[in-house]
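Before any comments, here is the structure.
The numbers here are math on the coordinates, done by the rules we state, and not lab data. Keep in mind it's a predicted model, so treat the numbers as computed, not measured. Every residue, glycine as well, gets a Cβ built from its backbone with ideal geometry; the counts of neighbours run over all protein chains shown.
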């Protein structure tokens with residue numbers, strides 16, 4: 001693609017995603033959290049990233065990384081277990097012989113799975129200052145591309161794993177001058193069907209292999225995002241544990257970050273929750289885990305028994321036969337459908353996103369949760 005067409009594609013991806021989320025129902029849905037770092041902390045972060053880069057390049061030139069895959073990640077895709085930061089996305093694949101690269105421009109990660117992480121986001125911030133581009137977005141794109149190209153220099157073959165194709169780092173890899181030497185692999189971690197970046201054919205082959213949650217997603221990709229190129233599809237291994245019987249319904253509420261707390265419709269339901277339900281579980285979006293106190297304050301207003309599910313896999317930790325998953329539009333809805341759990345979508349955005357799942361047998365759209373649960377009895 002020529003530079004102008006590439007720039008247009010980057011802005012199209014951003015606009016389509018923003019337009020999709022632009023129909024959010026309630027005013028309090030905007031995430032008001034902001035990162036606020038002092039200049040000294042930013043300088044320290046950049047220096048640590050520069051040191052990581054020098055160590056990385058030294059080891060690479062010595063041939064230490066010759067046969068290793070690169071996993072691009074960030075703190076959002078990890079969870080803490082017994083004081084150790086764990087990789088929650090790639091764990092089911094049981095990968096071997098890899099290194100972690102943290103692409104974040106804000107947060108430094110020391111180790112994941114007790115393996116050293118190489119942080120390059122601070123270097124990207126510096127390189128972007130020297131990129132002569134009309135927009136800040138293209139400046140960062142070119143900076144990511146410059147840094148990543150230096151990592152791939154003299155590469156004959158390399159497996160590259162990333163979370164999604166449409167962020168600046170991933171696109172800089174897909175459009176790298178070393179693209180022919182890379183096998184780019186994406187791992188599904190949210191819902192893909194009807195999500196804007198995947199809803200239209202890509203202009204060129206941006207990925208080579210994609211791990212997905214179900215066969216329905218494979219068919220969707222073949223007719224949309226991957227329509228113009230051949231792609232290798234693989235299914236992510238899923239849990240096969242038997243469900244635990246229970247007399248009453250149990251609820252799992254999966255948050256979405258845009259609401260900065262509980263969704264108003266779920267709050268209304270908690271005011272009138274009845275004896276059909278005996279436990280309420282709350283699972284926070286990975287980027288909302290620091291807001292646990294906010295959710296606790298909201299939940300304490302209601303006469304309910306609640307607990308937070310902080311496991312790496314809710315399907316294993318809350319594996320009840322009479323579990324109902326409720327969410328505005330978390331991808332947990334899709335996981336529930338695949339796991340044969342009942343689910344209720346309570347926001348118009350979710351209705352649009354998961355329209356292909358809403359069958360009023362397993363998956364429901366409703367803004368009257370109490371009446372819908374009554375129909376399950």
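The convex hull built on the alpha-carbon positions of region 3-235 has an orientation-averaged projected area of 14.4 nm². For the modelled label position 7 Å from the Cα of residue 177 along Cα-to-Cβ, which residues of region 1-19 have backbone nitrogen atoms closer than 15 Å? Flagged as within label range: 1, 3. In units of the compact-protein estimate 2.2 N^0.38 Å, region 249-376 shows a Cα radius of gyration of 0.95.
Full extension of the segment from residue 137 to residue 153, taken as 0.36 nm per residue of separation minus the current Cα-Cα distance, would add 3.3 nm. Which residues in region 42-65 have a backbone N closer than 16 Å to a point placed 7 Å from the Cα of residue 129 along the Cα-to-Cβ line? Within reach of a label on residue 129, which here means backbone N under 16 Å from a point 7 Å along Cα→Cβ, region 42-65 contributes 42-51.
Could you state, as a whole-number percent, how many of the C-alpha pairs of region 195-268 are farther apart than 14 Å? So the portion of pairs separated by more than 14 Å is 73 percent. Evaluated at q = 0.14 Å⁻¹, the base-10 log of the normalised Debye intensity for region 42-120, with identical point scatterers placed on the Cα atoms, takes the values -0.47. Just to check, using Stokes-Einstein with a Kirkwood Rh over alpha carbon pairs, what's the diffusion coefficient of region 301-377 at 10 °C and 1.306 mPa s in µm²/s? Calculated translational D: 121 µm²/s. Centroid-to-centroid, using Cα positions, region 282-351 and region 179-258 are 20 Å apart. Computed from Cα atoms, the angle from the helix 136-152 axis to the main principal axis of the chain rounds to 70 degrees. For region 164-299, the equivalent ellipsoid derived from the alpha-carbon gyration tensor has semi-axes of 38, 19, 13 Å in decreasing order. In terms of packing, defined here as the mean over residues of other Cβ atoms within 10 angstrom, the peptides 283-296, 160-173 line up highest first as 160-173, 283-296. A Förster distance of 41 Å, applied to the separation of the beta-carbon atoms of residue 110 and residue 377, puts the FRET efficiency at 0.25. Entry note, the chain: the mean residue ellipticity at 222 nm calculated from DSSP H runs of n ≥ 4, each adding -39500 (n - 2.57), is -10000 deg cm²/dmol after division by the residues and rounding to the nearest 500.
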